[in-house]
Every structure is written in structure tokens, then in C-alpha cells.
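Every read-out reported here was derived from the displayed coordinates using simple, explicitly stated rules and does not represent laboratory data. The shown structure was predicted, so the numbers you read here are calculated from the model rather than taken from an experiment. Here Cβ is always computed from backbone atoms with ideal geometry, including for glycine, and neighbour counts include all displayed protein chains.
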Amino acid sequence: MVEGKRILLGVCGGIAAYKAVEVVSRLRKRGAEVRVIMTRAATKLIQPLTFQTLSANPVHIEMLEEPKVWNVEHIALAQWPDLLLVAPATANMIGKVRAGIADDLLSTTIMATRAPVVFVPAMNVNMYENPVVQDNLACLRRLGYGFIEPDIGWQACGVEGRGRFPDPERIVAEVETRLTTPRDLEGVRLLVTAGGTREALDPVRFLSNRSTGKMGYAIAAAAARRGAEVILVTGPTNLVPPGGCRVVPVTTTLEMYQAVMEQFEAVDAVVMAAAPADYRPATYSETKIKKGEGPLTLTLERNPDILMELGRRRDKQVLIGFAAETGNVATRAREKLLAKGADLIVGNDVSGTETGFASEDNEVLLVDADGVEEVPRQSKAELADRILHRLRAMLGKDVTG
Ligand code: PMT
């Protein structure tokens, strides 16, 4: 599937540099054309000749050396690939890219390229978990850089944890997916909401629900892969935000309402996969509510219905909502389609544990004005693509397959 694709591999000076050799070999076996840039530190760990032999191309190391290609070297290299893969990506390289530093051939090429850049971070677990590194990774994700997450396991420095270079086969598979996913949502501006919201009672307690954000994040990730410009408005989750999305974190339904309304005019479509709390406490106690002997009565007031308001305000935008139900999914989804003025409602049964909230899979009914499509159980990632296929049709884009 990568036959004829041009992959530029940036190798940084981490001990996993030797494993990048296997990545080159596998990409070449699948017919990709590979060129390699090594940082100077990487050349201390592995001989450039190894990469040269396996890639069948000269290895690029220095910025200001006699050019091996026809043009200013870093610009020519930056314009060449279909994808720039940085593997292993060290904390140093990630920090430099985040800070806008371009002081060697690889960092300069990363800055100059328009090809998608995918980092494979690999480093000692303490370095990987360092808040500075995590902040740099989060920033690069927000800016649209792609990532292949490191594995958890035994590391060369004798410790166990996250930061291990992934299996080369997984890297090659992910490169293939990224290069072969059709960019059929290019030019589409999509707003996705995800996760549950939290409504505080006092400084230590809140009301919320079981949404983990998995469904919404899967939709945002798939849409970004397919070329859409994605804004992800998300309640608190434990998930790593997908690369290529602009992330807007919120906590309460009112904040989500505000964030969605601010973006609404500028987008072509909205997918409301979030589970915003319908009610909030009528009063917030500045101090922790003390427990008494008897029952505690809370008064709740209604939060705005974000999707319903979008249905009222909509102009050209396509609106997709979800319906989280514990029975009569088709009927209730249809009622929500009409009440909220949406184009499509994804009805899911949330009474079980295998699908709906928190699960890896989902099984849904796609309900629109024309009828009901039953979608059998599948991963949330697969379902995300199915929903986006429908979205694409509703946006009037040519759809085949
Ligand atoms: O996050 P996961 O753990 O992966 O779980 C996924 C999910 C079960 C949360 C998701 O698939 C889902 O069903 N999301 C909708 C949850 C929900 O709030 O359903 P609802 O039937 O109460 O609301 C109907 C629609 O109105 C939804 O699109 C919802 O986002 C929207 N809504 C709801 C309340 C509100 N105040 N404003 C809204 O816009």
C-alpha cells in the first residue's frame, strides 16, 4: 500500500536509532522510496552506511555540506516526501520543534516541509513523563503533528515504563494507514464535541456521567486523518487528544455551549458526540458542603440544550447528534432528530458495558429523515469513519463505496 510513496525518515540520537533500520527495510520491501536524515548524535549510535545501504540513497547529515541533491539541501529534502517520519524522536528534537528552533538539517527540514510529519517519541520513561516533554507533545498535537505512541515495556536503560520504541511493524502499518486514507474531507471545517461535562456542587464534588470521550475523539481523529480542519471541544477526559485537531477544553455544559457557539458560524458541520450534563446545581457552595444526619436535597436547574440551539441557529451547517438511550433507541432517536433539528442522529443503547459509554466498540442506528440504518457492533474508530461517510454525503461531496 506504500508502493511508490516517498518517505523521509529523520533519525535522532536515541538508543532506538538501531531499530529505525528495520523500519527502513520494511518500508522498502513494501515498495516505498526512503531517504534518511540523521542528526549528528544519531551517527554516534549507528553508522550512516547502514541506512544508506538499506535505503539505497545517500544519508543526509550536515546542513552546510556539499549538496547531495540539486537544490538548497534542506528545502529540496523538505519538498520531496509524501510523509516525514521522525523515528526515534528524542525529547530534544520534540522540544526544538515546539520552540521553533531549526539548528540542524532535521529540525530545519521539519520546519520547511509541507508534508505531514509523524513523530515516534522514544526515550526513558522519566524523560517521557516529564511535564515539560508532555507539554511539548500536547502543543505539537494541537498544531497538527502526527504521533505514533511509544510502547510500555522494558527499556535499554534498565527500567520499565512508557517510552519504548514501538514494534517496527506497527510503525509501518500506521505509516501505511496515514498514506492511504483518502483525504476526502479536505476543505471541510468540522466541530466535534466529546466527553461528559462536570457541574460542580462545591470545591470537591461535581455531577457528571460515564462518558469517556472515546467516541468523540475517534470521530475527531478520523476526520483529521481524512483532511478535515477539526475543532475538538472536549469535556475532561483521560485521553490523549488526536493529532491534527485544535483542542478546546471545557468543564461545564455552559462552557461547552459558549465554545460551540463561538465556532459555529465558521464551520461546515458539527458532530455532537459529547454527553453534556442536562442539569447543574442551582447554587454552588464556596465551601465543602457538610454532611448532616438526614437526607440532602439538591435543587438542579436546566442547562441549555446545545444541539437544539444549533438546530435553531443553523444556516448551511450539517448537524449530527447522538442519542444515548436505554431502550426504544429507534423511536427516541427519531424524536431527537425532529426536536433538535438535526440531519442525522446516531442512536446508541447505553445500558450495557460492551457498547455505548466507555467501551471500545459501539453498535448504533443511524436515523435520518429517510429512515434507519442499522450499524452492527464495531470499533468506535470504524464507526467514526461510517458516520463521516454519511457526513460527506450530506455535505454534497461525491461519495463512492
Ligand atoms: O464518550 P464515550 O465513553 O465513548 O461514550 C460515547 C457516548 C455514549 C457518550 C456517545 O456515543 C453518545 O451517545 N453521546 C450523546 C450523549 C447524550 O448526551 O445523549 P442525549 O440523548 O442526552 O443527547 C442527545 C444529543 O444532544 C447529543 O448529541 C448530545 O450531545 C446533545 N446534547 C445533550 C444535552 C445538552 N445539554 N446539550 C446537547 O447538545
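Taking the Kirkwood radius as the inverse of the mean 1/r across Cα pairs, report the Rg/Rh of the chain.
So for the chain, dividing Rg by the Kirkwood Rh gives 1.03.
Sort largest first and round to whole Å: the equivalent ellipsoid semi-axes of the range 154-258, each the square root of five times a Cα gyration tensor eigenvalue.
Over the Cα atoms of the range 154-258, the ellipsoid semi-axes are 30, 23, 9 Å.
Add -39500 (n - 2.57) for each DSSP H run of 4 or more in the chain, then divide by its residues: what number comes out at 222 nm, to the nearest 500 deg cm²/dmol?
Helix-only estimate at 222 nm: -10000 deg cm²/dmol.
At a 10 angstrom cut-off on C-beta neighbours, averaged per residue, how do the peptides 315-325, 369-379 rank from highest to lowest?
Final packing ranking: 315-325, 369-379.
Would you please put 144-154, 232-242 in order of how densely packed they are, using the mean number of other Cβ atoms within 10 angstrom per residue and starting with the highest?
Per-residue mean Cβ counts within 10 Å order the peptides as 232-242, 144-154.
Would you kindly derive the ³J(HN,Hα) couplings of the range 314-319 from the backbone phi angles with the Karplus curve 6.51 cos²θ - 1.76 cosθ + 1.60 (θ = phi - 60°), listing them in order in whole Hz, with x for Gly and Pro?
Once rounded to whole Hz, the list reads 4, 10, 9, 5, 8, 10.
Roughly how many debye, to the nearest 20, is the charge dipole of the range 217-322 about its Cα centre, given +1 on each Lys and Arg Cβ, -1 on each Asp and Glu Cβ, and no other charges?
With only Lys, Arg, Asp and Glu charged at Cβ, the dipole is about 220 debye.
Would you mind calculating the gained length between GLU62 and MET308 on full extension (0.36 nm times residue separation, minus the Cα-Cα distance), in nm to one decimal?
My answer for the length gained is 82.8 nm.
If I model the range 245-401 as equal point scatterers sitting on the Cα atoms and use the Debye formula, what is log10 I(q)/I(0) at q = 0.14, 0.21 Å⁻¹?
Here the Debye-derived log intensity ratios amount to -0.80, -1.48.
Only Cα pairs within less than 10 Å get springs; with that Gaussian network setup on the chain, which residue of ILE231, ILE171, ILE101 has the largest fluctuation?
ILE101
Let's see if you can work this out: charge +1 on each Lys and Arg Cβ, -1 on each Asp and Glu Cβ, no other charges. What is the dipole magnitude of the chain about its Cα centre, in debye to the nearest 20?
Using only the charged Cβ atoms, the result is roughly 380 debye.
For ALA339 and GLN258, compute 0.36 nm times the residue count separating them, minus their Cα-Cα distance, and round to one decimal in nm.
27.0 nm
Determine by what factor the alpha-carbon radius of gyration of the range 324-401 differs from 2.2 N^0.38 Å, reporting the quotient.
So the range 324-401 has a normalised radius of gyration of 1.10.
May I ask for the distance between the Cα centers of the range 78-141 and the range 1-65, given as a whole number of Å?
Cα centres, the range 78-141 to the range 1-65: 16 Å.
Please give the direction-averaged projected area of the C-alpha convex hull for the range 118-186, in square nanometres with one decimal.
5.2 nm²
What fraction of the DSSP beta bridges in the chain is antiparallel, stated in percent and rounded to the nearest 5?
Expressed as a percentage, antiparallel bridges in the chain total about 35.
Mean separation of Cα pairs under 8 Å and 6+ residues apart, divided by the residue count of the chain: what relative contact order is that in percent?
11 percent
Roughly speaking, what % of Cα-Cα pairs in the range 234-330 are separated by over 20 Å, rounded to a whole number?
Tail fraction, whole percent: 52.
Add +1 for every Lys or Arg and -1 for every Asp or Glu among the other residues with Cβ under 15 Å from the Cβ of ALA200, and state the total.
It works out to a net charge of -1.
Summarise the long-distance tail of P(r) for the range 1-60 by giving the % of C-alpha pairs beyond 17 Å.
When all Cα pairs of the range 1-60 are counted, 29 percent exceed 17 Å.
When you have a sec, figure out the Kirkwood radius of the range 227-289 from all distinct Cα pair distances and drop it here in Å to one decimal?
The answer is 13.6 Å.
Stokes-Einstein D for the range 69-139 at 4 °C, 1.567 mPa s, Kirkwood Rh over Cα pairs, in µm²/s?
The diffusion coefficient I find is 102 µm²/s.
By what distance, in whole Å, do the Cα atoms of the range 219-258 stretch along each of the three principal axes, largest value first?
Reported extents, whole Å, longest axis first: 30, 21, 13.
Among GLY244, GLY292, GLN263, whose Cα sits farthest toward the positive end of the charge dipole of the range 231-319 (+1 at Cβ of Lys/Arg, -1 at Cβ of Asp/Glu, about the Cα centre)?
GLY292
Can you tell me the 0 to 90 degree angle between the C-alpha axis of helix 17-29 and the longest principal axis of the chain, rounded to 10?
Once rounded, one gets 90 degrees.
How big is the equivalent ellipsoid of the range 276-336 along its three axes, where each semi-axis is √(5λ) from the Cα gyration tensor, reported in whole Å from largest to smallest?
Those come to 34, 18, 8 Å.
By how many nm would the segment from ALA369 to GLU160 grow when fully extended, if each residue of separation counts as 0.36 nm and the alpha-carbon distance is taken off?
That pair, ALA369 and GLU160, stretches by 69.9 nm at full extension.
Any idea what log10 I(q)/I(0) is at q = 0.12, 0.21, 0.22 Å⁻¹ for the range 145-216, Debye with uniform C-alpha scatterers and no solvent?
-0.69, -0.98, -1.01
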